[in-house]
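Engineer: Take a look at this one; I'll ask things after.
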Amino acid sequence: MAKMHAVQGPKHTRGEKIGQVIIRIFLALLVFIMVYPLWYVVMYSISDPRLAMQGGAFLWPKGFDTYNYQMILKTNQIWISLRNSVLKTIVGTCISVVLSLMTAYPLSLQRFRGRKFFQGMFFFTMLFHGGIIPTYLVVKNLGLLDSFLALVIPGAMSAYNMFILRNALQAVPASLEESARMDGAGPFRILMQIIAPIVVPSIAAVALFYGLGNWNSYLDGLIYTSSLKLQLMQIYLRNVLAATSSVNAIMSSVGEQSTGYLSQSSTEMAIVVLTVLPIMIVYPWLSRFYVSGLSVGAVKG
Amino acid sequence: MSERVLMERSRSQRIKKTFREIIADYPLYIMILPGLLYFIIFHYLPMFGVSIAFTDYSIVKGFGDMNFVGWKWFDRLFSRKSFTDALFNNIKYSLLKLCCFPLPILLSIIISEVWNNKYKRVVQTMVIMPSFLSWFIVYGILKALLNVTDGVLPALMTWMNTTLGTNFEIVNFMTNKATFTPYVLITYAWKEIGMGTVVYLAAIVAIDQQLYEAAMIDGASRMKQIRHILLPSLLPTIITLFIFRVGKVMDAGFDQMFALSNPLVTSAADIIDTYVYRVGLEEAKFSQATAAGLFKSAIGLCLVLFTNWMARKVDPDSAIM
């Protein structure tokens, strides 16, 4: 009896406590499986290439060497690719958020005539699409091929993200908009000064969806652009992973002799780390807003 | 007679009123214009662009000079082994991946059963991590893990063979056709399962706690509570997500296949989308590729309409349209 009283909160049976232990061990294992692969790549990339090649850099680096990073960061192409991906992420995300907000706001107003029609029209794009070839032909006929615009415009808005924003805007009390309108404010001003500040968390979530999508996207770059000046980081990574001796190409492009010291794997892993680094830097915000944003999106409109 | 005149008049007045309202709200239409143009140009024009699947479009001659050829490209598709192979793979991966649909639900229930909130949050933050990586990054990671000479998995297998007496055959899983299907499925589950839990966990948190309290007073066990409270509360969310999932079922994962495939496994990794990419953009056979893509999109659309119709019969609230 005395033991029972010592337990705080709701009483748990012994079976439930054992269950807790099993669940926690299972989840700990799962978390390890989710996180370990990336950890290993980081450890491998900072290990001494010759030691790492013999295997064994499983938990901690074997030796320590950043020669691979130094060589990679000396090439011009990595900086060009990084610049393009950063630009695409920043410019593309700004365009996407503004465009989505401007589309979502009228749709969130009950009095907006044609609301149902527009919504249906935009929703349908989530169910059916023409495919990459007709889209490619549209981009080509607009004269956007091999331009920076081709990296940010064709994928500028997703109906899904737009509807997440519309749901958030719909939750704002209509009286706010009405009273501002009575005072003679136009919709652009009302949206920017009154409505948008209220839904900042949703806007941030959508911005992160777009931002991550932009950073990870490669298909636009692959299909619409061909010059190295417009190469994206993801495509740079793909080319390095696909070639069998990108290490030699990198060494010769910075005017160094390939001594066989740097291994292909160690070069590849360093580039994987460089590609993933921006995501990991913003990861705490990313995961938090992703969770809240997706949870908002789960509420159907 | 006069009634009709009145009705006509009231109708024309209604139209006038509508018109006045639109005029009064014209800034809203200006605001939606860029978005409207965007969807028309980049989504509706390509939808009409699929018409080249029925013509002999060539990039040199352009849209002006093309002839209607009927179902020629579709007939040709099905006479090509490369396409029927891709279709078979597509259906195989689609169905196998669809079987992974319950995994996030299961995982969400397990996570929600943890008493310690901090533990719960850390687990949730960590399991979604792989979803943030692109498939090329995942491929890079796999190259490191599975590398036969210095990778983790071969090392682990060798260790198990020598100490535990297991009998794993050490192969390069990235280029081994025989194990390609499980390789695709496991990497898919690893990357996507975490993101799938987010919505379910939010729905589980939203369940009225009083239901649980009432059940506990009635002496219902944890399992019974899951069975009679948690699952029924989760059902509308499950159905809605399932409809969306079925709508995408024909998407067997272009990004994944594109990143993981290599010449040694092409026949096992080719799906309709990669086929479209190869035939259309590498071989520049636009009409042929568009026909293949249209075939896929049309099936996808039918499937989502059908599932939605079914869902409406079961529970009208969980239908998406």
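Engineer: Please turn the phi angles of the range B:302-314 into ³J(HN,Hα) values with the Karplus equation 6.51 cos²θ - 1.76 cosθ + 1.60 (θ = phi - 60°), one per residue in order, whole Hz, x for glycine and proline.
Structural biologist: Working through the residues one at a time gives 4, 4, 5, 5, 5, 5, 4, 4, 4, 4, 4, 5, 6 Hz.
Engineer: What are the semi-axes of the equivalent ellipsoid for the range B:21-174, taken as the square roots of 5 times the Cα gyration tensor eigenvalues, largest first, in whole Å?
Structural biologist: Computed over the range B:21-174, the values are 47, 32, 16 Å.
Engineer: Please calculate the 1.4 Å probe accessible area of residue A:129, with all protein chains present, and give it to the nearest 10 Å².
Structural biologist: It works out to around 90 Å².
Engineer: With springs connecting C-alpha atoms under 10 Å apart, model chain A as a Gaussian network and identify which of A:218, A:261, A:210 has the largest mean-square fluctuation.
Structural biologist: Looking only at A:218, A:261, A:210, the biggest GNM fluctuation is shown by A:261.
Engineer: Now for a different question. How much accessible area does residue B:91 have with a 1.4 Å probe, in Å² rounded to the nearest 10?
Structural biologist: 80 Å²
Engineer: Report the semi-axes of the equivalent ellipsoid for the range A:1-113 in whole Å, largest first, where each axis is √(5λ) for an eigenvalue λ of the Cα gyration tensor. Could the numbers behind the result be given before it?
Structural biologist: Details: eigenvalues 390, 304, 18 Å².
They are 44, 39, 9 Å, listed from largest to smallest.
Engineer: Using amide H atoms built in the peptide plane, which far-off residues or other-chain residues are under 5 Å from residue B:69 H to H?
Structural biologist: Residues meeting the amide H criterion: B:55, B:56.
Engineer: Could you tell me what % of all Cα pairs in the range B:155-212 have separations over 15 Å? Each step should come with its number before you reach the end.
Structural biologist: Values: 1153 of 1653 pairs.
Here the long-distance tail beyond 15 Å is 70 percent of all Cα pairs in the range B:155-212.
Engineer: Do you know the relative contact order of chain B, to the nearest whole percent, from alpha carbon pairs under 8 angstrom that are 6+ apart? Each step should come with its number before you reach the end.
Structural biologist: Numbers: 278 pairs, mean separation 81.1, N = 321.
So the answer I get is 25 percent.
Engineer: Let me know the Kirkwood hydrodynamic radius for the range B:59-318, please, with Cα pairs as the basis and the value in Å to one decimal. All intermediate terms of the calculation are to be shown ahead of the outcome.
Structural biologist: On the way: mean 1/r = 0.0460 Å⁻¹.
It works out to 21.7 Å.
Engineer: Starting from the coordinates of the alpha-carbon atoms of the range A:103-174, obtain the Kirkwood hydrodynamic radius over all distinct pairs and give the value in Å to one decimal. Provide the component values of the computation, followed by the final result.
Structural biologist: Values: mean 1/r = 0.0711 Å⁻¹.
It works out to 14.1 Å.
Engineer: Further question: Please compute the contact order of chain A in relative form: average sequence separation of alpha-carbon pairs under 8 Å and at least six residues apart, divided by the residue count, as a percent.
Structural biologist: Working: 278 pairs, mean separation 82.8, N = 301.
Over chain A, the number comes to 27 percent.
Engineer: Over chain B, with a Gaussian network built from C-alpha contacts below 10 Å, which listed residue (B:270, B:150, B:56) shows the highest mean-square fluctuation?
Structural biologist: B:150
Engineer: While we're here: What does the charge dipole of the protein assembly as shown about its Cα centre add up to, to the nearest 20 debye, if the Cβ of each Lys and Arg holds +1 and the Cβ of each Asp and Glu holds -1? Intermediate values should be presented prior to the final figure.
Structural biologist: Values: 52 positive and 33 negative charges, 259 e Å.
Computed charge dipole of the protein assembly as shown: roughly 1240 debye.
Engineer: Something else now. Ranked from the most accessible area to the least, with a 1.4 Å probe and all protein chains present, what is the order of B:5, A:91? Can you show the working numbers first?
Structural biologist: Values: B:5 70, A:91 50 Å².
Sorted by accessible area, descending: B:5, A:91.
Engineer: Then there is this: Here are some pairs, A:62/B:97; B:191/B:296; A:140/B:72; A:17/B:143; A:229/B:143; which of them have Cα atoms lying more than 30 Å apart in this structure? All intermediate terms of the calculation are to be shown ahead of the outcome.
Structural biologist: Working: A:62/B:97 38 Å; B:191/B:296 24 Å; A:140/B:72 25 Å; A:17/B:143 41 Å; A:229/B:143 28 Å.
Table pairs above 30 Å Cα-Cα are A:62/B:97; A:17/B:143.
Engineer: Okay, next question. Build a GNM of chain B with springs between Cα atoms under 10 Å: which of B:303, B:211, B:164 gets the top mean-square fluctuation?
Structural biologist: B:164
Engineer: Separate question: Separation between the residue A:111 and residue A:252 pseudo-spin-labels, each 7 Å from Cα along Cα→Cβ, expressed in nm?
Structural biologist: Here the modelled spin labels are 7.0 nm apart.
Engineer: Considering every Cα-Cα pair within the range B:1-54, what fraction, in whole percent, is farther apart than 15 Å?
Structural biologist: On the way: 979 of 1431 pairs.
Taking all Cα-Cα pairs of the range B:1-54, the fraction more than 15 Å apart is 68 percent.
Engineer: For the range B:32-45, in order, what is each residue's ³J(HN,Hα) by Karplus, 6.51 cos²θ - 1.76 cosθ + 1.60 with θ = phi - 60°, in whole Hz (x at glycine and Pro)?
Structural biologist: 3J(HN,Hα) across the range B:32-45, in whole Hz: 7, 4, x, x, 4, 4, 4, 5, 5, 6, 9, 10, 7, 4.
Engineer: Roughly how large, in nm² to one decimal, is the mean projection of the convex hull of the alpha-carbon atoms in the range A:124-226?
Structural biologist: Numbers: hull surface 33.5 nm².
Directional mean of the projected Cα hull area for the range A:124-226 stands at 8.4 nm².
Engineer: What ranking of B:74, A:289, B:242, B:19 comes out by heavy-atom accessible area, probe 1.4 Å, highest first? All intermediate terms of the calculation are to be shown ahead of the outcome.
Structural biologist: Numbers: B:74 20, A:289 55, B:242 75, B:19 135 Å².
Reading off the accessible areas and sorting them downward yields B:19, B:242, A:289, B:74.
Engineer: Do you know the relative contact order of the range B:209-321, to the nearest whole percent, from alpha carbon pairs under 8 angstrom that are 6+ apart? Please report the intermediate quantities before stating the final value.
Structural biologist: On the way: 75 pairs, mean separation 34.4, N = 113.
It comes to 30 percent, rounded to a whole number.
Engineer: I would also like to ask the following. Can you sort B:283, B:113, B:8, A:16 by 1.4 Å-probe accessible area, starting with the largest?
Structural biologist: Largest accessible area first, the residues go B:8, B:283, A:16, B:113.
Engineer: Now for a separate question. Which ³J(HN,Hα) values, rounded to whole Hz and listed in residue order, are derived for the range B:265-272 from phi using the Karplus coefficients 6.51, -1.76 and 1.60 in 6.51 cos²θ - 1.76 cosθ + 1.60 with θ = phi - 60°, glycine and proline given as x?
Structural biologist: 3J(HN,Hα) across the range B:265-272, in whole Hz: 10, 3, 5, 8, 9, 6, 10, 4.
Engineer: Relative to the compact-globule scaling 2.2 N^0.38 Å, provide the ratio for the alpha-carbon radius of gyration of the range A:71-297. If you can, show how the numbers build up before the last one.
Structural biologist: Numbers: Rg = 21.6 Å, N = 227, 2.2 N^0.38 = 17.3 Å.
Rg over 2.2 N^0.38 Å, computed on Cα atoms: 1.25.
Engineer: Still on this structure, I have one more. Nothing charged except the Cβ atoms of Lys and Arg (+1) and of Asp and Glu (-1): what's the magnitude of the dipole of the range B:59-318 about its Cα centre? Round to the nearest 20 debye. Mind showing how you got there, number by number?
Structural biologist: On the way: 23 positive and 18 negative charges, 53 e Å.
Roughly 260 debye for the range B:59-318.
Engineer: While we're here: Can you give the average number of partner chain beta-carbon atoms within 10 Å of each beta-carbon in peptide B:193-205, as a whole number? Before the final figure, lay out each step's value.
Structural biologist: Numbers: counts 2, 4, 3, 1, 2, 9, 5, 1, 3, 8, 3, 0, 1.
Counting Cβ atoms of other protein chains within 10 Å of each residue's Cβ and averaging gives 3.
Engineer: Kindly give the semi-axes, whole Å and largest first, of the ellipsoid equivalent to the protein assembly as shown, taking each as the square root of 5 times a Cα gyration tensor eigenvalue.
Structural biologist: Values: eigenvalues 362, 264, 129 Å².
Over the Cα atoms of the protein assembly as shown, the ellipsoid semi-axes are 43, 36, 25 Å.
Engineer: I'd like to know how the range B:165-321 sits against the 2.2 N^0.38 Å rule of thumb: what's its Cα Rg over that expected value? It would help to have the intermediate numbers written out before the result.
Structural biologist: Working: Rg = 21.6 Å, N = 157, 2.2 N^0.38 = 15.0 Å.
Taking N as the residue count of the range B:165-321, the ratio is 1.44.
The values are calculated or read from the model by the stated rules, or taken from the named source; none is laboratory data. What you are looking at is a predicted structure, and each value in this text was computed from that prediction instead of being measured. All Cβ positions, glycine included, derive from the backbone under ideal geometry; neighbour counts span all protein chains shown. The protein model used for the area step is the full one, side chains on, heavy atoms only, and it has no ligands, DNA or RNA in it. Shrake-Rupley method; radii C 1.70, N 1.55, O 1.52, S 1.80 Å.
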